[in-house]
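Working notes, beginning with the structure itself.
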Amino acid sequence: MNRQFLLIFLLLAAASLSLALGQVSVGPAALWNGLTGGDGAGALTVQILRGPRVATALLVGAAFGLSGSIFQSLLRNPLASPDVMGFSAGSGLAILGALTINLAIPMPLIASAGGLLTAILVLALARPARGHNPLEGAPAVTIVLVGIGIGFTAAAISSFLMTRLTGPQAAEAQRWLAGSLAARDWSHVLQLALIGAVLVIVLLPQIRNLRLLELGSELATGLGANVKRARLGLAATAVLLAAAAVAIAGPIAFVALMAPPLGARIARTADVGGRLLAAALTGAIIVMLADLVARASLPGLQLPIGVMTGILGAPYLLWLLSREIERGEL
Amino acid sequence: MSAISLRTESLCVGYRDRSVLENLTIGLPAGQSTAILGPNGCGKSTLLSALARLLAPSHGRVFLGDADIHKTKTRLLSRQLAILPQFPIAPEGILVGELVKRGRTPWRGLFSPWSATDTEICQKALIAVGMEGFAERPLSELSGGQRQRAWLALVLAQDTPLLLLDEPTSFLDLPHQIEVLRLLQNRNKNAGTTVVSVLHDLNLAGRFNDHIVLLGPDGLVTKGPPETVITPSNLKKAFDLDARVISDPVTNRPMVVPL
Ligand SMILES: Nc1ncnc2c1ncn2[C@@H]1O[C@H](COP(=O)(O)OP(=O)(O)O)[C@@H](O)[C@H]1O
Ligand SMILES: [Mg+2]
């Protein structure tokens, strides 16, 4: 039944392609040479130019995938993800704000603060309707719609802040806002790997709660989950995972939205734990491939990675929305 | 299994500004089966939610033994008291066996491996509901009656001395209703489990339960054994129903004949 190995195989294939292909392509021998610590031009391309970039793509994609998977399980809604609900845009706004006033605080911290504040704002505005089960909190669709609104607001303010920036700062901000893995070095990889490892360790003991929450808040309480605390903990973990990815690569859209359902389908897994793993692997594959296409498809031109994920993700989002409307969910 | 009793003390409970039950003091006899009866919207589910710590009282308390359940750790309670809500949510694609396994959560550590006891208890729960051949079947492919029994197996696997169920027989045809009620009766008689269920059928409730809590539009009408609770005057008060009550020819339990 379980086909996680298929995803792992796809991940390895995507990583090899990403390391080998680009403006200058290296052959299998040079790729192997580079991976095993050899030297020569091809090996150096692999080790210095592409290595950190591919590793960053892997970590960023995995973080987005996990974040989306947590939100979709938590809200039991395929529209739920940090990008659609505006949390990534909130992280992005915080980073642009910090750039504008020259705040010297590490990016991941600023992005986390922005993401968490946005999440708090969305949850505070999405009040449950009267007569709604008090244990359940606001319905997922309400949270998603409020999040979309807040996300647009954050994006609009970000655009305004962009006009205040000048010179190289403006170019850097512009590239980052569209999502970019260019010029990432091993220090970024290390940073993200550390944060990611901590968040995964924080997530692991919460998987049990996520599994119970799937049964509805009443049964989850009956089976021993402290529903409110469990939801808060999981939502915070998911926001921070997305914020870490946004801080390094920008608010790349749609990866967190698409990776969980795609991963679950490929891995054919229904359990929460399996779906989390599948979403992380699929997220990594999507970001690596999107980055590969973005930098290698048009000679002499680097497209922002967000453009690539948007080409795939936007139609998917539209399809989801129309399906939800058909089902009377929206 | 030693029987611990669940009782309320001056319980007031409702939603936001809307109070549903006021000043309710009742006990649910330990080791017995209790049915909560009353007209639609009178607060049966609300009462069950308060008893299962799903809804915090605005006033008064709910005690399990000597402990106030709203001050007890929810995980500790989950080993004492299982609740099956009226509309539980089925995770997409879940298999019956996986569903039942989740009933073991209260007894398992965070990362503890699956034990032989856990497997055995899940197996027994599936056998108790007559679903032993269905472990590998997706829940969504079952009939309404089978699905209801799968949910019952989940709370049976929880292996608690108290079992609260909200309308476990609704949407089932008569034979399936009786099947579920028998199953609960067996659990009560054989394992000494205290069973509390919200039911709609007055005759079945009287037939399969030791104790009845009868609610009306203005709160508690009366409580006690079926014979003293299911009477024409009480039915009039609770349901505004004119009826005769005769004793049924098979078990001598009260049987309602509407006029
Ligand atoms: N989540 C809720 N918010 C507000 N009012 C509710 C809610 N749930 C139930 N009620 C109201 O409380 C009353 C009792 O409901 P309930 O306990 O579900 O009745 P019963 O189970 O006896 O049919 C009803 O009038 C119902 O409209
Ligand atoms: Mg009800």
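The values are calculated or read from the model by the stated rules, or taken from the named source; none is laboratory data. Keep in mind that what you see is a predicted model, and the values were worked out from it rather than measured. Glycine gets a Cβ as well: all are built from the backbone with ideal geometry, and neighbour counts include every protein chain shown. Calculation scope for accessible area: heavy atoms of the full protein, side chains included, ligands and nucleic acids excluded. Shrake-Rupley method; radii C 1.70, N 1.55, O 1.52, S 1.80 Å.
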Please report the spacing between the Cα centers of region A:69-94 and region B:61-94 in Å, no decimals.
30
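Please state the charge dipole magnitude for the protein assembly as shown, taken about the Cα centre, from unit charges on C-beta atoms (+1 on K and R, -1 on D and E), reported in debye and rounded to the nearest 20.
On the way: 47 positive and 36 negative charges, 111 e Å.
Dipole magnitude for the protein assembly as shown comes out near 540 debye.
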With a Förster radius of 56 Å, plug the Cβ-Cβ distance of residue B:240 and residue A:49 into 1/(1 + (r/R0)^6) and report the FRET value to the nearest 0.05.
0.10
How far apart, in nm, are the 7 Å Cα→Cβ label points at residue B:140 and residue B:115?
3.5
Taking chymotrypsin sites (Phe, Trp or Tyr not before Pro) in a DSSP loop with at most 16 other Cβ atoms within 10 angstrom as exposed, one finds the longest site-free stretch of chain B at B:1-110
Give the span of region B:109-259's Cα atoms along each principal axis, as three whole-Å numbers ordered largest to smallest.
56, 30, 30
Accessible-area value, residue B:222, 1.4 Å probe, nucleic acids and ligands omitted, Å²
40
Tell me, what is the per residue accessible area of chain B in Å², probe radius 1.4 Å?
45
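Semi-axes of region A:183-330's equivalent ellipsoid from the Cα gyration tensor, sqrt of 5 times each eigenvalue, largest first, rounded to whole Å? Walk me through the numbers on the way to the answer.
On the way: eigenvalues 185, 91, 32 Å².
Each semi-axis is the square root of five times an eigenvalue, giving 30, 21, 13 Å.
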Using bins 5 angstrom wide from zero, how does P(r) for region A:150-265 break down, in % of all Cα pairs?
2, 9, 14, 17, 17, 15, 11, 7, 5, 2, 1, 0
More than 20 angstrom apart: percent of Cα pairs within region B:8-64
18
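Considering every Cα-Cα pair within chain A, what fraction, in whole percent, is farther apart than 27 Å?
Numbers: 23490 of 54285 pairs.
Summing the P(r) tail past 27 Å for chain A gives 43 percent.
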For chain B, with a Gaussian network of springs between Cα atoms less than 10 Å apart, report the residue from B:170, B:19, B:49 with the top mean-square fluctuation.
B:19
In Å², what does the accessible area per residue of region A:242-323 work out to with a 1.4 Å probe?
35
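Report D for region B:151-218 in µm² per second (integer): Stokes-Einstein, Kirkwood Rh on Cα pairs, 10 °C, 1.306 mPa s.
Working: Rh = 12.6 Å.
Calculated translational D: 126 µm²/s.
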I need two numbers for region B:6-258: Rg to one decimal and Dmax as a whole number, Cα atoms only, in Å.
18.4, 58
If you project the alpha carbons of the protein assembly as shown onto the principal axes, what extent comes out on each, in Å, largest first?
96, 49, 44
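Counting helices only, and only those DSSP H runs with n ≥ 4, report the 222 nm mean residue ellipticity of chain A as the sum of -39,500 (n - 2.57) divided by its residues, in deg cm²/dmol to the nearest 500. Let's see the in-between values first.
Working: 15 runs with 237 residues, N = 330.
Value at 222 nm, helices only, nearest 500: -24000 deg cm²/dmol.
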Scale the Cα Rg of region A:248-298 by the rule-of-thumb value 2.2 N^0.38 Å and send over the ratio, two decimals.
1.24
Whole-number percent relative contact order across chain A, with pairs defined as alpha carbons under 8 Å at least 6 apart
33
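Roughly how many percent of the accessible protein surface of the protein assembly as shown is carbon and sulfur, given a 1.4 Å probe and a whole-percent answer? Numbers along the way, then the final one.
Numbers: 16090 of 25890 Å².
Looking at the protein assembly as shown in its full context, I get 62 percent from C and S.
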Please compute how much accessible surface disappears when A pairs with B, both sides summed, using a 1.4 Å probe, and round it to the nearest 100 Å².
2200
What is the sum of charges, Lys and Arg at +1 and Asp and Glu at -1, for the other residues whose Cβ falls under 15 Å from the Cβ of residue B:45?
-1
Karplus-derived 3J(HN,Hα) from phi for region B:127-136 (6.51 cos²θ - 1.76 cosθ + 1.60, θ = phi - 60°), whole Hz, x at Gly and Pro, runs 5, 4, 9, x, 10, 4, x, 10, 4, 8
For region A:153-192 and region A:211-244, what is the separation of their Cα centres, given in Å?
32
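Restricting to Cα atoms and excluding each atom paired with itself, what does the Kirkwood estimate give for region A:68-174 in Å? Could the numbers behind the result be given before it?
Numbers: mean 1/r = 0.0682 Å⁻¹.
Value: 14.7 Å, from the Cα pair sum.
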Those lysines that a straight Cα-Cα span of less than 16 Å connects to residue B:223, excepting residues fewer than 8 apart in one chain:
B:44, B:236, B:237
For region A:45-164, dividing by residue count, accessible area per residue (probe 1.4 Å) in Å² works out to 40
Compare each residue of region A:257-272 in its chain alone against the assembly with all protein chains, and report those whose accessible area goes down by 40 Å² or more; 1.4 Å probe, heavy atoms.
A:270
